[in-house]
Amino acid sequence: LAAPRASLGVSVTCADTEAEAERLSWSRWCWRVMAGQNQRRGIPSPEEAMAFPYTVNDRAYIEHMRERSIYGDPEQVRAKLLQLGATYGVDEFIVVTITYDFAARLRSYELLAKAFDLPALEPVRPEGAGNYA
């Protein structure tokens, strides 16, 4: 390349509404709390995550993650990513979406691609693969 390029890996949850994206994000936030407690049980459903017995410190950590998380409807997510890119001089993002439900994960990627006018691609799933939850 003629000049260096920068990429940044980010976790993004994009949904049709901000409320749905926040609901889906609870799975990741709880998963991170459980990992910190050495409770590796997979990604919890949003319902399990919201009912998890959080300590005061857990709730403070979740609030910290909420403030730093990129989640929302397509327009909100696009704006947050563009701002993050401008702040750090990023040329591209590597995006991962962590959700309990595989269909919600695919939908997040579809909405994100549409928000950036990227072509939709057919997902490739290993033969016999089910929900990756």
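Once the 1.4 Å probe is applied to the protein heavy atoms, the chain comes out at 64 Å² accessible per residue. Only protein atoms count toward the accessible area here, which uses a 1.4 Å probe; on segment 1-78, the carbon and sulfur part of that area reaches 50 percent.
The charge dipole of the chain, taken about its Cα centre with unit charges on the Cβ of Lys, Arg, Asp and Glu (plus for the first two, minus for the last two), comes to roughly 440 debye.
Computed on protein heavy atoms with a 1.4 Å probe, the accessible areas place TYR61, TYR88 in the order TYR88, TYR61, largest first. At the residue level, THR87 shows approximately 80 square angstrom of accessible surface with a 1.4 angstrom probe and all protein chains present. PHE93 sits among other residues whose Cβ lies under 13 Å from its own Cβ, and their net charge, with Lys and Arg +1 and Asp and Glu -1, is +1.
Residues ASP101, ASP58 ordered from highest to lowest accessible area at a 1.4 Å probe: ASP101, ASP58.
The values are calculated or read from the model by the stated rules, or taken from the named source; none is laboratory data. Remember, predicted model here, so these are calculated numbers, not experimental data. Quick reminder, even Gly has a Cβ in these numbers, built from the backbone with ideal geometry, and neighbours come from all protein chains shown. Please note that ligands, DNA and RNA were not included when accessible areas were found on the heavy atoms of the full protein model with its side chains. Shrake-Rupley method; radii C 1.70, N 1.55, O 1.52, S 1.80 Å.
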